[in-house]
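First up is the structure itself, then whatever we jot down about it.
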Amino acid sequence: MKNDKFPMVSICMPVYNEQEDLKNISLPSIFKQDYPKNKIEVLIIDDYSTDKTVEVAKSFGCKILKNGAKDNETGRNIGYKKAKGELFMCLDADMAFTTKDFLRKMVKPFIEDKRIAGNFICFKPNPKQPALTRCISYDPFQRDPIYKIVSIGPEKIIKEKKDGWFLCYCTKKTIPPQGCMLYRKALVKGYSQTHVQLTDNEIPAYIVEKGNHYFAFVPSTGVEHWIFKSLKEIWFKRARNIQIYSRIADKRTFKWFRLKKDWPKAALWVLYTNSFIFPIISSIYKALKYKDVALLSEPILNLVSTYSIIYSTVSSGKMFKILQ
């Protein structure tokens, strides 16, 4: 295919003191892509880093923007408004494309089917990742077990197998918890204009709300996300997610949890997590299935993640809004 047939892809990364991850994880995987170089735009939205983050980004040829809000979601919207690509996606500095043809495979559905509004990213485990990260990376949407019981995976929205990808159909009741996606930038213009923050899980919900129901899923490629290195980091990141969610919980289109519908699942989950024996049996089964001992850490991950979410929800002072 001729280069002029490929759409430009803008990749936005909000960062703060991410020199090592940019240098060793995300940027090398982007700039090694087998995709026309003049059709890749990388925007680094720097929150006034004090290390060599900016120098590293410039050495790769990235465009540097500034964000003084100390907030990733605000940085994403800054990047969105400056992006020139027809297709747009957000990455974290600790994410890497798993294959050199990632962009080609992800762009293919948009070229072949003009109805496609977005393409959900499939997360992949890497043997070099910390055990706690690999533990959740076998799930294609990198969900903790607690999130899996109140959300849907790609298997619930796949409608048809295509050549190298799956056609998915989403409704307001079947929106997956996956904001990490490649999507048509123009479809989110209204959201960007009316919100300060570009909140990832809200994007597919907003797209569907505007009448766009067709998405894609490409399991043959994906992203490695080096999300957890310690139990402390699990606690911190899950607490931060609750803080982000609670800011506009009552106005959100995408709801992780609905009290009337999901409270029985949540109650059973707490009992399950604290039983110890059932999580241990489950982790042994998964470790044997995937041949990875990292999955034996799932019981402790469940406990830390669950109680971080409970504590953060209660202490946020917005418990009622979050649970609606």
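Taking the conditions exactly as written (in contact with a Lys or Arg (Cβ under 8 Å, 6 or more places away or on another chain), in contact (Cβ under 8 Å) with a residue 60 or more places away in the chain and under 30 Å from residue 307 (Cα atoms)), does residue 224 satisfy them or not?
Numbers: in contact with a Lys or Arg (Cβ under 8 Å, 6 or more places away or on another chain): yes; in contact (Cβ under 8 Å) with a residue 60 or more places away in the chain: yes; under 30 Å from residue 307 (Cα atoms): yes.
Here the answer is yes, as residue 224 does meet what is asked.
Given the options 42, 15, 9, name the one that is crowded, with 20+ Cβ neighbours inside 10 Å, touching a residue at least 40 places away in the same chain (Cβ under 8 Å), closer than 26 Å to residue 241 by Cβ and in contact with a strand residue (DSSP E or B) (Cβ under 7 Å, 6 or more places away or on another chain). Let's see the steps before the verdict.
On the way: 42 fails: touching a residue at least 40 places away in the same chain (Cβ under 8 Å); 9 fails: closer than 26 Å to residue 241 by Cβ.
Matching residue, one of 42, 15, 9: 15.
When only residues in region 60-70 that are in contact with a strand residue (DSSP E or B) (Cβ under 8 Å, 6 or more places away or on another chain) and not hydrophobic (A, V, I, L, M, F, W, C) count, which is surrounded by the most Cβ atoms within 10 Å (Cβ to Cβ)? Step through it out loud before you land on a result.
Residues of region 60-70 that are in contact with a strand residue (DSSP E or B) (Cβ under 8 Å, 6 or more places away or on another chain), as a first pass: 60-67.
Applying the additional criterion that residues be not hydrophobic (A, V, I, L, M, F, W, C) yields 61, 63, 66-67.
Working: 61: 11, 63: 17, 66: 12, 67: 20.
Among those residues, the one meeting the criterion is 67.
Within region 207-236, take every residue that is of a type in the set (Phe, Trp, Tyr) and at pLDDT 95 or above and give me the one that is surrounded by the fewest Cβ atoms within 10 Å (Cβ to Cβ). Reasoning before the result, please.
Going through region 207-236, the residues of a type in the set (Phe, Trp, Tyr) turn out to be 214-215, 217, 226, 228, 235-236.
Add one more test, that the residue is at pLDDT 95 or above, and what stays is 214-215, 217.
Working: 214: 18, 215: 29, 217: 24.
It comes out as 214.
From 32, 82, grab the single residue that is surrounded by fewer than 15 Cβ atoms within 10 Å (Cβ to Cβ) and in contact (Cβ under 8 Å) with a residue 40 or more places away in the chain. Steps first, please.
Details: 82 fails: in contact (Cβ under 8 Å) with a residue 40 or more places away in the chain.
When all the criteria are applied, what remains is 32.
Taking region 128-154 only, how many residues are of a type in the set (Phe, Trp, Tyr), within 18 Å of residue 268 (Cα to Cα) and surrounded by 20 or more Cβ atoms within 10 Å (Cβ to Cβ)? So that I can check it myself, show each step before the final result.
Residues of region 128-154 of a type in the set (Phe, Trp, Tyr): 138, 141, 147.
Now narrow it down to the ones that are within 18 Å of residue 268 (Cα to Cα): 147.
Then drop every residue that is not surrounded by 20 or more Cβ atoms within 10 Å (Cβ to Cβ), which leaves none.
Of the residues in that region, 0 qualify.
Of all residues in region 159-176, count the ones that are surrounded by 20 or more Cβ atoms within 10 Å (Cβ to Cβ) and not aromatic (Phe, Trp, Tyr).
Residues meeting the conditions: 4.
Which number in (1) more than 25 Å from residue 81 (Cα to Cα); (2) in a loop (DSSP other than H, G, I, E, B); (3) in contact with a Pro (Cβ under 8 Å, 6 or more places away or on another chain); (4) not hydroxyl-bearing (Ser, Thr, Tyr) marks the one condition that residue 164 misses?
It fails just one condition, (3).
Identify, please: which residue in region 60-76 is more than 14 Å from residue 18 (Cα to Cα) and among the polar types (S, T, N, Q) and is, among those, nearest to the chain's Cα centre (by Cα)?
Selected residue: 74.
Taking residue 134, is it assigned to a helix (DSSP H, G or I) and assigned by TED's automatic domain parsing to the domain that holds residue 175?
On the way: assigned to a helix (DSSP H, G or I): yes; assigned by TED's automatic domain parsing to the domain that holds residue 175: yes.
Yes; evaluated as a whole, the condition is true for this residue.
Do any residues in region 141-162 that are more than 18 Å from residue 220 (Cα to Cα) and outside the structural domain of residue 279 (by TED's automatic domain parsing) have Cβ atoms under 8 Å from those of residues that are crowded, with 19+ Cβ neighbours inside 10 Å and small (Gly, Ala, Ser), where the two are at least six apart or on different chains, and which pairs are they?
Final answer for the pair search is 143/151; 144/305; 146/305.
Pick from 322, 280: which is modelled with pLDDT of 90 or more and hydrophobic (A, V, I, L, M, F, W, C)? Give the steps one after another, and end with the answer.
Numbers: 322 fails: modelled with pLDDT of 90 or more.
Only one candidate qualifies: 280.
The values are calculated or read from the model by the stated rules, or taken from the named source; none is laboratory data. Since this is a predicted model, take the numbers as computed values, not measurements. All Cβ positions, glycine included, derive from the backbone under ideal geometry; neighbour counts span all protein chains shown.
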